[in-house]
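Please treat every number below as a calculation from the coordinates, not as lab data. Quick caveat: nothing in here was measured; it's all calculated off a predicted structure. Virtual Cβ from ideal backbone geometry, glycine too; neighbours counted across all protein chains shown.
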């Protein structure tokens, strides 16, 4: 009686776990839960454990069927754990795949079944199938998802064997019908890249310097920009060098996008300058209008036009009484062209 029961029991072999963007510890722990749930759900089943090191390479169907044959099992079961951290919140997808072993060679006196082959298989009509569950909960909450996954697994097995003369499974869950190997849920599209780094070049027309009423000075700089759907944020470093004139600025910028390309905002800088006088340093405010010539993808091409106003002063040189020279508050328009990758 016991031998007959053992012979009629459904034999499942659980293959090593596979995974993508998930730690080996989490993948192994999840596989262990699946193994326990499979044994608990189907008391008429013999669940075999063919453990191995986790790998990122998906299980091949023919290899899985051969593994079932070598284990003298009716069905090979493979778990895949995939984590997608590009979504908000991140999601984890557990996929359970079933690969039946079917041997169709007829039994004969010269071709008798052995421990590793069968003349006929109880699963000769069972189709391969997959079930999956997706969750945004953390790794510590995967136990409940595993329960749902195993329940859905046996429900699909019940569907696949119903009316086909194959061994049936306990109907724990009522899952809707579906084709063999339905496609797994697609990953959400990769969000567009938002951070770019590049260089700028332009002209600053300095008005009211210690040595001139107005003069055009070349500007070179580096910048990093963060582009979102509604706003653009910058961090930049610029330098002005011409003859005995010099000016270095470090600053931040914030802009609101007006449509897809137009930007309205302000830049706040800290500057160190010597524009023909004794030199000075301090804050600079620069209201700016920007335009994104290339607004998506890489490279980002952008033109900025603003008006810089120094909030500090620089005195003219006075060789007789140092520090008594005339005070100048420099200001003026600035236009830059930038490319970022």
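Can you give the FRET efficiency for residue 298 and residue 36, using 1/(1 + (r/R0)^6), R0 = 51 Å, r = Cβ-Cβ distance, to the nearest 0.05?
Here the calculated transfer efficiency is 0.60.
Mind checking the full-extension length gain between residue 339 and residue 25? Use 0.36 nm per residue of separation minus the Cα-Cα distance, one decimal, nm. Each step should come with its number before you reach the end.
Details: separation 314, 0.36 × 314 = 113.04 nm, distance 4.38 nm.
Length gained, residue 339 through residue 25: 108.7 nm.
What is the packing order of peptides 325-338, 255-268, taking the mean over residues of other C-beta atoms within 10 Å and listing the highest first? Could the numbers behind the result be given before it?
Values: 325-338: 17.9, 255-268: 15.4.
Per-residue Cβ counts within 10 Å, averaged per peptide and sorted highest first, yield 325-338, 255-268.
So, in nm, how far is label residue 53 from label residue 141 when the simple model puts each one 7 Å beyond its Cα toward the Cβ?
Here the modelled spin labels are 3.3 nm apart.
Could you order the peptides 56-64, 238-246 from most to least packed, using the average number of other C-beta atoms within 10 Å per residue?
238-246, 56-64
Between residue 148 and residue 230, what's the calculated FRET efficiency when r is the beta-carbon distance and R0 is 35 Å? Round to 0.05.
So, using R0 = 35 Å, E works out to roughly 0.35.
Under the 0.36 nm per residue contour assumption, what length would be gained going from the current alpha-carbon distance of residue 134 and residue 307 to full extension?
Taking 0.36 nm per residue and subtracting the Cα distance, the gain is 57.1 nm.
What ranking do 307-314, 225-232, 92-99 get when scored by the average of other Cβ atoms within 10 Å per residue, highest first?
Descending mean neighbour count gives 92-99, 307-314, 225-232.
If only Cα atoms are counted, what is the Rg of segment 221-341, and what is its Dmax, in Å?
16.7, 58
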